Amino acid sequence: MTVDHSRAPVLQALEDYHREGRLSFTPPGHKQARGADPAVREVLGDSVFLGDVLATGGLDDRLTRGRVLHQAQELMADAVHAEHTFFSTCGSSLSVKAAMLSVAGPHEKLLIGRDAHKSVGAGLILSGIEPVWVEPRWDAERRLSHPPSAAEFEHAFEAHPDARGALVTSPTPYGSTAALEAIAQVCHRRSLPLIVDEAWGAHLPFHPDLPSWAMDAGADVCVTSIHKMGSGLEQGSVFHLRGDLVTPAVLGMRADLLGTTSPSVLIYAGLDGWRRQMALRGKELMGSALGLAAEVRAAIEEIDGMHVNDRDDFCGPGLADDFDPLPCVIDIADLGITGYQAADWLRGHRSIVAHLVDHRRIGTQITHADDRETAGELLSALRELGRAASGMPPGPRVEVPQPEELRMEQAMLPRNTFFGPVEEVPAQDAAERISAEMITPYPPGIPAVMPGERLNEPVLRYLSTGLAAGMYLPDASSPGLETVLVVDERAG
């Protein structure tokens with residue numbers, strides 16, 4: 001059956017809504033911008049309010065007889081070779097939780113790469129799932145982790161045959177990817193599902209020179225953030241399903257449990273429009289982005305003190321299996337400053353906003369929206385940063401642990417510690433205590449500490465030195481990390 005990808009059901013329904021001059025006596029209360037504050041309208045523009053209508057009883061009728069959302073999801077599934085697709089207006093943070101809850105329940109085991117996003121940690125807290133952490137592959141030279149190997153998942157299943165499935169993050173925010181086909185085979189030999197958190201991979205299905213994407217590699221459930229590398233609005237996420245190891249009804253019920261009852265039609269429209277754009281022109285657009293990224297990467301290599309991590313850095317024995325060049329992660333260790341200093345300088349002096357930032361790197365992602373003008377601005381700013389770095393004070397040293405120091409014992413279930421009796425102790429006294437909170441350097445948002453882990457000195461020192469150097473810890477109970485929440489052992 002031929003599918004017409006020139007259609008955009010959500011956008012077309014919005015157009016019909018306005019053409020027919022519908023007058024709603026329903027939320028939202030701004031009533032198509034008429035009641036919005038004039039100062040807000042001046043900043044946002046009326047288009048935002050005009051697109052903000054009820055999904056049910058507005059965009060579609062009260063019984064959804066127009067099947068507007070259903071049609072848009074069917075088109076998305078076809079575009080990316082999935083059997084079923086669900087839209088989410090709550091970001092992939094919700095989508096990955098729904099996926100986890102569709103595979104495992106309270107006190108059941110789920111194999112999870114320990115480089116998972118904090119949203120996975122939140123899913124563990126909410127669900128009561130017992131995590132079986134699978135070790136990422138650690139690059140000791142660059143102090144960087146890559147997704148776990150298929151062999152690590154095999155070993156984890158052998159040690160925990162009662163696990164209900166597996167979850168792996170690929171690509172990472174740094175652009176390295178896992179051997180998804182091999183990991184899926186490990187799961188499927190046991191008739192168990194594989195969830196892939198592919199939040200950073202919305203673009204992967206649309207060009208052959210990009211790494212294979214989860215549905216084509218045999219994953220059962222895949223979560224994708226359209227707003228990260230695509231053209232969707234913030235919070236626009238989709239999760240896709242293939243095979244019969246997870247049923248659409250179960251996945252839909254879990255999403256309904258967690259999702260909002262007031263979804264944003266603006267976000268739905270962004271998802272629908274992105275699918276149409278990529279289905280019709282994806283190969284062309286992604287090809288241009290890859291060509292521009294290659295030029296940018298080559299130019300950055302010419303800047304003294306900067307190196308763009310490439311395939312030779314990230315891929316090889318014991319490292320990643322494949323590599324996405326679009327994140328353009330720049331190692332600036334030779335400049336003698338931290339990534340935090342570099343990001344602050346770029347924003348303050350050149351109005352350039354970097355994304356990923358850590359103790360020695362900044363991420364400057366290239367997408368299909370960039371062109372030679374934006375790339376030129378970036379390169380000009382980076383060249384100026386290279387010249388200015390010598391006049392900056394040396395970057396504060398961040399004490400990054402060795403791999404064996406990073407991994408702490410999961411002494412209790414995350415849910416039990418998070419909701420159980422806790423006490424606040426000085427950070428310097430927290431080693432050997434069981435953490436009752438999640439502490440996450442952001443971005444990229446991978447928790448250094450999970451609830452239920454037994455804290456150690458190296459990780460606490462990493463966080464304290466990182467904080468002093470400019471690391472952002474948005475979820476720490478003590479913003480300055482003077483104290484840490486731990487299990488109150490006196491409560492039994």
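A short reminder: the numbers here are calculations on the coordinates, not readings from a lab. This is a predicted model, so every value here is computed, not measured. Positions of Cβ are generated from backbone atoms using ideal geometry, with glycine treated the same way; all protein chains shown enter the neighbour counts.
Treat the range 9-277 as a sphere of radius equal to its Kirkwood radius over Cα pairs and apply Stokes-Einstein at 20 °C in a medium of 1.002 mPa s; give the translational diffusion coefficient in µm²/s, rounded to a whole number.
For these conditions, the coefficient is 110 µm²/s.
Hey, what D do you get for the range 335-429 in µm²/s if you plug the Kirkwood alpha-carbon radius into Stokes-Einstein at 37 °C and 0.692 mPa s?
Answer, rounded: 195 µm²/s.
Assuming 0.36 nm per residue, please report the length gained on full extension of the stretch ASP310 to ASP244 beyond their Cα-Cα distance.
Gain on extension, ASP310 to ASP244, equals 20.0 nm.
Counting other beta carbons within 10 Å of each Cβ, put GLU74, GLU20, GLU198, GLU234 in order, fewest first.
Lowest to highest Cβ neighbour count: GLU20, GLU234, GLU74, GLU198.
Before anything else, pin down the relative contact order of the range 198-312: Cα pairs under 8 Å, at least 6 apart, normalised by residue count, whole percent.
With pairs under 8 Å counted, the relative contact order is 23 percent.
Starting from the Cα of LYS118, draw a straight line to each of the lysines and keep only those under 28 Å, dropping any in the same chain fewer than 8 residues away.
In chain and number order, the partners are LYS97, LYS109, LYS228.
Let me have the 222 nm mean residue ellipticity of the chain computed from DSSP H runs of 4+ only, each contributing -39500 (n - 2.57), with the sum over all residues rounded to the nearest 500.
Calculated at 222 nm, the ellipticity per residue is -11500 deg cm²/dmol.
Sort MET438, MET215 by Cβ crowding within 10 Å, fewest neighbours at the top.
The fewest-first ordering by Cβ neighbours comes to MET438, MET215.
Treating the Cα atoms of the chain as identical point scatterers in vacuum, please give the log10 of the normalised Debye intensity I(q)/I(0) at q = 0.07, 0.08 Å⁻¹, two decimals.
Log10 I(q)/I(0), no solvent term: -0.40, -0.52.
Roughly speaking, what is the centre-to-centre gap between the range 426-461 and the range 290-349 when only Cα atoms are used, to the nearest Å?
When both Cα centres are located, 28 Å separates them.
Residues with amide H under 5 Å of GLU130's amide H, sequence separation 5 or more or different chain, H placed in the peptide plane at 1.01 Å from N; which?
So GLU130 has HN proximity to HIS107, GLU108, LYS109, LEU110.
Tell me, how many Å apart are the Cα centres for the range 462-487 and for the range 193-213?
Their Cα centres are 33 Å away from one another.
Using θ = phi - 60° and the Karplus relation 6.51 cos²θ - 1.76 cosθ + 1.60, list the HN-Hα couplings for the range 266-278 in order, rounded to whole Hz, with x at every Gly or Pro.
3J(HN,Hα) across the range 266-278, in whole Hz: 4, 5, 4, 5, x, 5, 5, x, 4, 4, 4, 4, 6.
log₁₀ I(q)/I(0) of the range 71-176 at q = 0.14, 0.16, 0.17 Å⁻¹, via Debye over equal Cα point scatterers, no solvent, to two decimals?
Values, matching the q order: -0.64, -0.82, -0.90.
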